[in-house]
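K.L.:
Can you keep this structure in mind? I'll have questions shortly.
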Amino acid sequence: MAVKIDIQNTKIPIEMGNLKFEFDMKDSSVKELRKRFGELQKEAGKYLDVEEDDLSDEEFDKLTEDAEAFAKNTYDYLLGDGAFEQIYELSPSVHIMTGYLMQIIAGISVEMSKRSGLGASQKYMPKAKK
């Protein structure tokens, strides 16, 4: 009796509103995703640790500009060039976009775990720092 194993596609579909994207879970992409997840946690922490009332307008603008550049780079890497602009058009807030990124990364992690047969234990992602 032969053992038959279906070959799986490495593309993970991601839908946001009416927008459709894909993340390719090839090894090099997973390695980069892990790296960017850690960076995203640090970037998000910058916002959580700052009292916006304590910032000057210039400091707030710089913080927002830095976050937008990071988010754009990460979205375009994960979902393809132009993804950031398409999503930002629907939700023009860097804070909201950062939250979406966390959801995207968590969803990708769960889907990779399912496809690998490891279950939804998120073996691929480092533990979130508190």
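The values are calculated or read from the model by the stated rules, or taken from the named source; none is laboratory data. Because the structure is a prediction, the values reported are computed rather than measured. Reconstructed Cβ throughout: ideal geometry from the backbone, glycine too, with neighbour counts over all protein chains shown.
K.L.:
Got a number for residues in segment 54-79 being under 12 Å from the mean Cα position of the chain (by Cα) and of a type outside the set (Phe, Trp, Tyr)?
P.N.:
Residues that pass the stated criteria total 7.
K.L.:
If you don't mind, another one. Do you know which residues across segment 73-82 are touching a helix residue (DSSP H, G or I) at 6+ places or on another chain (Cβ under 6 Å) and crowded, with 18+ Cβ neighbours inside 10 Å?
P.N.:
Answer for segment 73-82, where residues must be touching a helix residue (DSSP H, G or I) at 6+ places or on another chain (Cβ under 6 Å) and crowded, with 18+ Cβ neighbours inside 10 Å: THR74, TYR75.
K.L.:
So if I check each of LEU90, LEU40, which one is modelled with pLDDT of 90 or more, surrounded by 12 or more Cβ atoms within 10 Å (Cβ to Cβ) and hydrophobic (A, V, I, L, M, F, W, C)?
P.N.:
It is LEU90.
K.L.:
What number of residues in segment 1-34 are more than 16 Å from TYR75 (Cα to Cα) and either part of a loop (DSSP other than H, G, I, E, B) or of a type in the set (Gly, Ala, Ser) (or both)?
P.N.:
13
K.L.:
Just checking, does segment 111-128 include any residue being of a type in the set (Ser, Thr, Tyr), at pLDDT below 90 and in a helix (DSSP H, G or I)?
P.N.:
Yes: one or more hits.
K.L.:
Going through segment 68-99 one residue at a time, which ones are assigned to a loop (DSSP other than H, G, I, E, B) and either more than 16 Å from GLU43 (Cβ to Cβ) or in contact (Cβ under 8 Å) with a residue 24 or more places away in the chain (or both)?
P.N.:
GLY80, ASP81, GLY82, SER91, PRO92, listed by residue number.
K.L.:
Still on this model: Would you mind stating whether GLU51 is of a type in the set (D, E, K, R) and modelled with pLDDT of 85 or more?
P.N.:
Judged against the criteria, GLU51 is not a match.
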